[in-house]
Amino acid sequence: MGTVSHDVTSLLRKLADGHSDAAAELIPLIYSELRRLAAGHLRHERPDHTLQPTALVHEAYLRLVAQRNVAWQSRAHFFAVASTLMRRILVDYARRQLRAKRGGGRSNVSLEQAVLFSPDRPDQMLSLDECLGKLEKLDARQSRIVELRYFGGLTVEEAAEVLGVSPTTVRREWTSAKAYLYGALKQRHGDHS
Amino acid sequence: MEITPDKWQQAKAVFDAALRRPSGERASFLAVACSDADLRQQVEQLLRNHEQAGSFLSKPVIEVPNSERFAAGFIIVGRFKIVRLLRKGGMGEVYEAEDLKLRRQVALKFIADDLSRDPQMLERFDREARAASALDHPNICTIYEVGQHQGSPFIAMQYLDGKTLQGCIEGKPLKTINILDLGIQISDALGAAHSIGIIHRDIKPANIFVTARGQVKVLDFGLAKHQPLRGRVAEAIGGSAQSTASLPEESLTSPGSALGTIAYMSPEQVRGEDLDARTDLFSFGAVLYEMATGQHAFSGRTTGVIFDAILNREPTSPLRTNPQVPVELEQIITKALEKDREVRYQHAADVQTDLKRLKRRTESGRSETCATAADRRSGGRAWSFILAAIAVLLIVVAIYVLMRPQFRPKVSGIFRITNNAQEKIQPVPGYIVPLPLPMVTDGPRLYFSETSTISKFVQVSVSGGDTVPIATPLRIPVLGDLSLKRSEMLLLDVGFVIEAPIWIVPLPGGAAHRISDILGHDASWTPDGLHITFGNGFDIYTANPDGSGSRKLLTGRHRVDVSMVARRQTLTVHSSGLQN
């Protein structure tokens, strides 16, 4: 853990200094840590108790950013990298969960629930992922902003820092991206019922 | 909603534009802006989604990825359920929590670990928090409860919705009326605390909260760290880098925030002397100064430099930084910032009285700005009011006339002109609301500013392509106006001052030259193309293009009015014969 943290810190510093190739080294480190944690959680879960991605991700982040004095930019870059991985892990997990349930509970999504999108619902997580994939084809930067903001928990300012654009741009793109995704999710739900 | 990337860019652009309009005007805007029914339908759908989306995705999968002590859902002393980390600073962490017993939202403050290990510190924290909890005042954040969780002391206090004064200022001066309103409330809070013997010791913008309704809540009464500085200051003033090692612990872990904190210390605090209520009044003066100018009263890159400024230097006159500061406010600030506490304001009530008096006069329109003071000296006070009133009226009419749509343009198509991932914005210091991007065209080319890390003045063909920088010696070029013959451009070099040097740049390229020594925050050509007009402070001036023959046309009421007039309404004002 100690050495991983150390590596992560120095890689983050490189990333913040503009060495974008550091991301390639950083991804496996963060990914393995996130997966290790997820696996640990799953082993200890009681069968009747669903894993709360929120709690899992929370813990993963806390462990990986345990070291102090990470400069603000490094922090933003860390979460930028982790946000993509987080999306992958959550979607994988949702897929496995659905497979385990095999159809149960998929048809009873009410419109209200679709509106109040919940990351703890595997079907909704998968829908979001697919819609985000569509958005990516329309505007890659917008889908990246959603990843950073939603899966990475970055603030508008942090996302702006990572993407090298102004906070105003991030805010604007985020607004229309949300409107798009909301519509796309609603439409998907309509297709199901 | 299957849509192509091109169509999506279009829909997005119209959606963004529609959102910027009041909801009542959106339908008519869409009718004009949408070239085809499909596009319109898509944008309407987006707008509907936007309305309905509510809190959709607003809460990230993961929140507050900072290394906070408690995760959401954690329950403290069987009573307070952590909701989220609100902020984290040198003093400790503040969480939003739910009081399960009284079913209300609270803010929980934990002091930093290293501080909570010091028994003396703990004892003091406890004693003072209890004393502060006795304070019941509308402008002081109420303390509900003081407790300990596994040896870490915490305070449960009123949960507030709004932002700190630091967040309100953000490097820009506040309006005079807001400064007075907030100042009166802050001084009221200080007066109430001082009257029962509680000194704050750490008055600074980050400790002053402004609720969404504009009510001040002073935070952290009696919680300030006070470490004896005696004997250490001399080293600090010597300026050696090592000297910070003996300064408060904050400066070790985060030099930036430490500098932010010590900038509001009183001279007696810096010297490590015994403190009384007057230390708060000095710090309050520094806060007023910052509200009036957007800048620290005492600044510097090292602790030593800041301490030297607090002890030995007078801050730059607020009026020089912000000409809109009333003379009386400057006097109040100066008196609060007296280095000798015997000649400073003695009681919070005294500052408050002065602030209230100034507020009354400001509200009745009698406050002196620099400009009106000058007018009065020349004996034209009453006249200046009448003229100002007429000017304001004319400005309003002019704005209406010129902003009124003359015809409804039909958007026949949207195409992308540039595609270089550069922001088409320009920083405009001195404005609270950013102005839309000024952009002018001489027909074949568009001229505007592009900002990545630095701001550049560029041109691009109207048919699209790469932007070409136009070299200027300006630090931050801001577009003023294009001349009648479209052969010269007025540019302002805003740098970091409010009133900027004005330059003329020949088009499509050539050597820029500065217009003598005139300064303004906006500039335009007169309609006949023979003169330039420019706004400076509340005044509008006209001058020859070489800067000679400069004279004042009229005095406006706000900088923005002046700017709009200088930029666009020159014609109406100039030709109406209203020349002072």
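Total accessible area buried between chains A and B, 1.4 Å probe, in Å² to the nearest 100? Please list the in-between numbers first.
Values: alone 10780 and 29130 Å², together 36690 Å².
For chain A against chain B, roughly 3200 Å² becomes buried.
I'd like the FRET efficiency for B:Leu275 and A:Arg171, computed as 1/(1 + (r/R0)^6) with the beta carbon distance as r and R0 of 35 Å, rounded to 0.05.
Working: r = 44 Å, r/R0 = 1.25.
Calculated value: 0.20.
Please work out how much length the chain gains when fully extended from B:Ile417 to B:Glu342, using 0.36 nm per residue of separation minus the C-alpha to C-alpha distance, in nm with one decimal.
Values: separation 75, 0.36 × 75 = 27.00 nm, distance 6.51 nm.
Length difference between fully extended and current span is 20.5 nm.
Largest first, how would A:Leu154, A:Leu126 line up by accessible area (1.4 Å probe)? Intermediate values should be presented prior to the final figure.
Details: A:Leu154 5, A:Leu126 25 Å².
So, going from the largest accessible area down, we get A:Leu126, A:Leu154.
Hey, how many Å between the Cα centroid of the stretch B:1-46 and the Cα centroid of the stretch B:128-161?
Their Cα centres are 50 Å away from one another.
Rounded to the nearest 0.05, what FRET efficiency is calculated for B:Asp517 and B:Ala17 with R0 set to 45 Å and r the Cβ-Cβ distance?
0.65
On average, how many beta carbons from a partner chain sit within 10 Å of the beta carbon of a residue in B:7-14? Don't skip to the answer; put the middle values down first.
On the way: counts 1, 8, 2, 0, 4, 10, 1, 0.
Across B:7-14, the average partner-chain Cβ count within 10 Å equals 3.
Count the net charge of all other residues whose Cβ sits under 11 Å from the Cβ of A:Ser176, scoring Lys and Arg as +1 and Asp and Glu as -1.
On the way: positive: A:Arg171, A:Arg172, A:Lys178, B:Lys12; negative: A:Asp139, A:Glu173, B:Asp16.
Taking every Cβ under 11 Å from that of A:Ser176, the sum is +1.
Of the listed peptides B:484-491, B:19-26, B:181-188, A:84-91, what is their order by residue-averaged count of other C-beta atoms within 10 Å, with the highest listed first?
Numbers: B:484-491: 18.8, B:19-26: 11.6, B:181-188: 23.0, A:84-91: 21.0.
Ranked by mean Cβ neighbours within 10 Å, highest first: B:181-188, A:84-91, B:484-491, B:19-26.
On a straight-distance basis, which lysines could pair with B:Lys356 in a cross-link, Cα separation under 26 angstrom, same-chain partners fewer than 8 positions away excluded?
Of all the lysines, those that pass the test against B:Lys356 - Cα under 26 Å, at least 8 places apart if same chain - are B:Lys163, B:Lys172, B:Lys175, B:Lys204, B:Lys217, B:Lys335, B:Lys339.
Within 10 Å of each Cβ in B:38-51, how many Cβ atoms from other chains are there, averaged over the peptide?
Shielding by partners across B:38-51 averages 3.
Could you compute the FRET efficiency for B:Ser28 and B:Ala134, with r as their C-beta to C-beta distance and R0 at 51 Å, rounded to 0.05?
Computed FRET efficiency for B:Ser28 and B:Ala134 comes out at 0.30.
Run the numbers for B:Arg213 and B:Lys175: contour at 0.36 nm per residue of separation, minus the present Cα-Cα distance, in nm.
Residue separation times 0.36 nm, minus the Cα-Cα distance, leaves 12.0 nm.
The values are calculated or read from the model by the stated rules, or taken from the named source; none is laboratory data. These numbers were taken from a predicted model, which means no experiment stands behind them. All Cβ positions, glycine included, derive from the backbone under ideal geometry; neighbour counts span all protein chains shown. Accessible surface is based on the protein model in full, side chains and every heavy atom, while ligands, DNA and RNA are left aside. Shrake-Rupley method; radii C 1.70, N 1.55, O 1.52, S 1.80 Å.
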